[in-house]
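Below: the structure, in structure tokens.
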Protein chains: 2
Amino acid sequence: MSSNGGNQDSTGGITLQTVRDALIRQEDTIVFSLIERSRFPLNHPAYNASMASGSLAESVIREIEAVYAKAGRYENPEEHPFFPEGLPLPATSPPKNETFLHPAGISININKDIWSLYFEKLLPLFVVGGDDGNYVPTAQSDLTSLQALSRRIHYGKFVAEVKYRDAPEDYEPAIRAQDRNALMKLLTFESVEEMVKKRVEKKAMVFGQNVTLGSGDGNKTNYKIDPSVVSRVYEDWVIPLTKDVEVEYLLRRLE
Amino acid sequence: MSSNGGNQDSTGGITLQTVRDALIRQEDTIVFSLIERSRFPLNHPAYNASMASGSLAESVIREIEAVYAKAGRYENPEEHPFFPEGLPLPATSPPKNETFLHPAGISININKDIWSLYFEKLLPLFVVGGDDGNYVPTAQSDLTSLQALSRRIHYGKFVAEVKYRDAPEDYEPAIRAQDRNALMKLLTFESVEEMVKKRVEKKAMVFGQNVTLGSGDGNKTNYKIDPSVVSRVYEDWVIPLTKDVEVEYLLRRLE
């Protein structure tokens, strides 16, 4: 196994290669999570604001995040809650690991944007319309997808940190000038982005096929989610938002 | 999409074919969930009983089930909590759908057995030893796997009901005699079980491969979980426990 999403909040063992391996493994998680969400139709009533604290999905996800917070989940700099306001403190204080990340960048959290994008733009692209009444499993599935996307996008902090450490002299002039465009240019490699988009499309084909015992590799023409949608999700949102996180992180790297 | 796990608590639309399609789709969910759990090592401290209400994993899962219960999840006869004792009532009363299942069988819940099997026997088969500190994501992932296994196994109620409705005269003598062995014989089709075991092994190969952009279909010799383990999980636990649920259900079918 190339990556386990593990104890990477120490300075040891994190390299551009381990970060890339983690991103590649996270692609599988994202594709699995979207395929699993597509088992349910849109289930619009789960998103109607009808309960005191918002929609059913929002209320369920807020309460689950409170459970996770008490158990210490968000002490890990790879984890970002969608509702950070008012979360309970961990019941036990975790060991304070030295963090690989620069402290000024740790608090960056763009989950509000990810939340809106997911519900307003992304979901309608890959789930069918309709209502099957399974609102709570749907919300659980949304949370899994949101977490997978959020983890990938905020992993930009680790990408930025390894790139900065590899060649601080390349980044420092743009950081001192607080020049977002220059940083974005330094962080953009179109050929790599093309490769990522092709690979996630292929993963959607492989993981979304209906596997049967007949000869051949299953019914490949009937994918559980449209592979081009997954490629588009990466092109339009995952890759740009990851780079936004990288830029935000680097802008604070000399604080 | 062949199955969405949807509104099947009405009498309409459930046939042996829809039940089979649902079971086949659930195989994908089970394989995905085991692959995702294998991202983390065993993480033994998550299972040490050290918090007031048991281990960290147990405490997190109990609290999440309470969130789900309040939101009405367990009103659906396809859903079975692992900790049914003392769950809060739903905040809003759901519409009372007519249920497809015979009322006497709805309360069957063998999740205690599934819980023990999962942690004591199944987990050590497919996760590596070690501790990466990601206890809460690990517990979340355990819950997803447990739910997938539980849903599949308790779907035996639907299997039993459609089979009974198709040919009540085949089952009634054994039910009246409360003859478990006779019922088990009536419900056992070895060739079907062999096919299921082969198919889940193939799914583990397809879904667990490392997909790359090179020619060929990725590195098929380096699966994320051992496909033969998935086949064994079905042979030793999923198939027998599903049949146990079927038998228990049928024993109560004439109450």
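The values are calculated or read from the model by the stated rules, or taken from the named source; none is laboratory data. Quick caveat: nothing in here was measured; it's all calculated off a predicted structure. Counting neighbours? That spans all protein chains shown, and the Cβs are built from the backbone with ideal geometry, glycine included. Remember, those area values only see protein heavy atoms, side chains included, never the ligands or the DNA or RNA. Shrake-Rupley method; radii C 1.70, N 1.55, O 1.52, S 1.80 Å.
Starting with the highest mean, order B:193-203, A:112-122, B:142-152 by the number of other Cβ atoms within 10 Å, averaged over the residues of each peptide.
B:142-152, B:193-203, A:112-122
Return the average number of partner chain Cβ atoms within 10 angstrom of each residue Cβ along peptide B:60-70.
Mean inter-chain Cβ contacts per residue within 10 Å come to 4.
For the protein assembly as shown, which semi-axes, largest first and in whole Å, follow from the square roots of 5 times the eigenvalues of its Cα gyration tensor?
The equivalent ellipsoid of the protein assembly as shown has semi-axes of 41, 25, 22 Å.
Apply the Karplus curve 6.51 cos²θ - 1.76 cosθ + 1.60, θ = phi - 60°, to the phi angles in region A:113-121 and return the couplings in whole Hz, x for Gly and Pro.
5, 5, 4, 4, 4, 4, 7, 8, 10
Would you mind counting up the charge near residue A:60? Only other residues with Cβ under 15 Å from its Cβ, with Lys and Arg at +1 and Asp and Glu at -1.
Summing Lys/Arg as +1 and Asp/Glu as -1 gives -4.
Tell me the accessible surface of residue A:164 in square angstrom (1.4 angstrom probe, heavy atoms of protein chains only), to the nearest ten.
Counting only protein heavy atoms, the figure is 20 Å².
Note the full-extension length gain between residue B:182 and residue B:228 as 0.36 nm times their separation in residues minus their Cα-Cα distance, in nm to one decimal.
Between residue B:182 and residue B:228, full extension yields an extra 13.5 nm.
List, shortest first and in nm to one decimal, how far the label point of residue B:180 (7 Å from Cα along Cα→Cβ) is from its counterparts in the other copies.
Residue B:180 label point versus its equivalents elsewhere: 6.7 nm.
Across peptide A:130-141, what mean number of C-beta atoms from other chains lies inside 10 Å of a residue's C-beta?
Mean partner-chain Cβ count within 10 Å for A:130-141: 6.
In whole Hz and in residue order, list the ³J(HN,Hα) couplings for region A:229-237 that follow from phi through the Karplus curve 6.51 cos²θ - 1.76 cosθ + 1.60, θ = phi - 60°; x for Gly and Pro.
Here the 3J(HN,Hα) series is 5, 5, 4, 5, 4, 5, 5, 7, 10 Hz.
Divide, for region B:53-184, the radius of gyration over alpha carbons by 2.2 N^0.38 Å, where N is the residue count.
1.27
Work out the mean other chain Cβ neighbour count within 10 Å for the residues of A:202-208 and drop it here as an integer.
Averaged over the peptide's residues, the number is 4.
If contacts are Cα pairs under 8 angstrom and at least 6 residues apart, what is the relative contact order of chain A in percent?
Averaging sequence separation for qualifying contacts and normalising by length gives 26 percent for chain A.
Out of residues 5 or more away from residue A:210 or on other chains, whose amide H comes under 5 Å of its own, with H placed 1.01 Å from N in the peptide plane?
For residue A:210, whose amide H was placed from the backbone, the distant partners under 5 Å are A:219, A:222.
If you put a point 7 Å past Cα along the Cβ direction, how far is that point for residue A:84 from the same point in each other copy, in nm, smallest first?
4.2
Taking amide hydrogens as modeled 1.01 Å from N in the peptide plane, which residues meet the under 5 Å criterion relative to residue A:72, leaving out close sequence neighbours?
For residue A:72, the qualifying residues are A:91.
Grab the Cα-Cα distance for residue B:99 and residue B:128, subtract it from 0.36 nm times how many residues apart they are, and report the gain in nm with one decimal.
Working it through step by step, the gained length comes to 6.2 nm.
Under a Cβ-Cβ cut-off of 9 Å, what is the net charge of the residues other than residue A:253 that fall near it, where Lys and Arg count +1 and Asp and Glu count -1?
-2
Please give me the summed charge of the neighbours of residue B:45: other residues whose Cβ is under 11 Å from its Cβ, Lys and Arg +1, Asp and Glu -1.
Here the count lands on -2.
Please list 3J(HN,Hα) in residue order for region B:190-195, calculated via the Karplus relation 6.51 cos²θ - 1.76 cosθ + 1.60 where θ = phi - 60°; whole Hz, with x for glycine and proline.
4, 5, 5, 4, 4, 5
Cα centroid distance between region A:122-172 and region B:153-184, in Å?
Centre-to-centre (Cα) distance: 46 Å.
Give me the distance in nm between label points sitting 7 Å out from Cα along the Cα-to-Cβ direction at residue A:106 and residue B:16, one decimal.
6.1 nm
For region A:179-255, what is the Kirkwood estimate of the hydrodynamic radius, computed as the reciprocal of the mean inverse distance between distinct Cα atoms, to one decimal in Å?
Averaging 1/r across every pair of different Cα atoms and inverting gives 14.5 Å.
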